[in-house]
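Quick notes on the structure that follows.
The values are calculated or read from the model by the stated rules, or taken from the named source; none is laboratory data. Keep in mind the model is a prediction, meaning the values are calculated, not measured. We place every Cβ from the backbone using ideal geometry, glycine too, and count neighbours over all the protein chains shown.
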């Protein structure tokens, strides 16, 4: 990642490499217009205007590279707030490679990862939290993750943080006024009011941090299927995935390792893990699978303990009921189409073979995986900074309450304000920018 921002001209492929209908080569910088004019020849009498898509040919040294569409977007009405040119060529690696090579010969340099978005930030088009949302939206897995990224992209985080910044600024103004006009403002009363307000702001920042929701949006809700051999775990996995992922036989111990698959429920990715049947008598290989099964159960957000509804409970069933009693667990009575020998409060009766009860099970998993609809902070970086700012605010409140001098308390308030500025990029250094934009793909 570049360590210093240069106002030169950059280019990169803005669409995924490989075969496709269209490949878009993006150019940004002060030389974008000159590069456009040097390579692109509009057909007929079309005039070049900002934001007007033109049809023509890309020509390099009298050789036609492609017949395509192209557009110029003059600053500041572009993604980077610089002059931007885009060539919409036929898809495929070769054409895009030749266009980029022609641009490089004109003095345009290859863009670094995330450099277009970095320029958008440095040129004031978006703040840092919105820049991060671009990559979150690109990498979103599931509708809920996509919606969270869009909320951040459209200013959800910015609005929340800037309100907190304004509240801290108002708080600092009150403390400063008490310091500057002690004869007019009672210092003890001002300290009490400031301490109370600092606690309120800190509480609001901490309440906005939801690690569970952030993790689920990023990596999904983990569900482990467990039970003794031959209760139908693999059949249940296949039924949930709507495909034959796991081998199903009547031979106990068929599943020796964890078999994984993912589905989307209510817009959230749910990761399923079918584990080896847990029993006492097992060979060496099966024992390794059982150890992995117990590890998966321990780390799951939800464990589906599958029991055979058509047969009495065994000692292995009883042991598993005890082992999982303190874990987030849902009892599943499978094979209910063959009859039900027992009933348990809260258990879900299903038949993985016939599909009976599967809709109810999916609804239950979706309910267990639910996250708040509005989440101000879903980025790990943002949550770390919010907690740090809250710690400064609470320190200031404690100091104010204990009668420390106001000017010393103001130091923590200033620190909270500076920390919040790191979320939006009001206060940022090159090292942080390099860390943020290194996650981006080239061309974005």
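Tabulated values for the structure
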item: Count of the range 22-44 residues which are part of a helix (DSSP H, G or I) and surrounded by fewer than 21 Cβ atoms within 10 Å (Cβ to Cβ); result: 4
item: Single residue of 228, 204, 256 found to be outside the structural domain of residue 420 (by TED's automatic domain parsing) and either touching a strand residue (DSSP E or B) at 6+ places or on another chain (Cβ under 6 Å) or modelled with pLDDT of 85 or more (or both); result: 228
item: Complete set of residues in the range 45-80 that are surrounded by fewer than 19 Cβ atoms within 10 Å (Cβ to Cβ), outside any strand (DSSP E or B) and under 36 Å from the mean Cα position of the chain (by Cα); result: 51, 52, 53, 74, 75, 76, 77
item: Positions within the range 166-177 being surrounded by fewer than 20 Cβ atoms within 10 Å (Cβ to Cβ) and touching a residue at least 40 places away in the same chain (Cβ under 8 Å), in sequence order; result: 169, 172, 176
item: Scope the range 81-100; condition over 30 Å from residue 130 (Cα atoms) and either in contact (Cβ under 8 Å) with a residue 24 or more places away in the chain or not in a helix (DSSP H, G or I) (or both); matching residues; result: 90, 92, 93, 95, 98, 99
item: Every residue from the range 320-334 that is free of Cβ contacts under 8 Å to residues at least 40 places away in the same chain, closer than 11 Å to residue 304 by Cα and assigned to a loop (DSSP other than H, G, I, E, B); result: 327
item: Candidates 147, 125, 118, filtered to the one that is outside any loop (DSSP other than H, G, I, E, B), surrounded by fewer than 21 Cβ atoms within 10 Å (Cβ to Cβ) and in contact (Cβ under 8 Å) with a residue 40 or more places away in the chain; result: 147
item: Failed condition for residue 400, given (1) buried (at least 21 other Cβ atoms within 10 Å of the Cβ); (2) not in a helix (DSSP H, G or I); result: (2)
item: Residue 337 surrounded by 15 or more Cβ atoms within 10 Å (Cβ to Cβ), at pLDDT below 90 and in contact with a strand residue (DSSP E or B) (Cβ under 6 Å, 6 or more places away or on another chain); result: no
item: Unmet criterion (only one of (1) surrounded by fewer than 22 Cβ atoms within 10 Å (Cβ to Cβ); (2) within 30 Å of residue 411 (Cα to Cα); (3) not assigned by TED's automatic domain parsing to the domain that holds residue 388) for residue 162; result: (3)
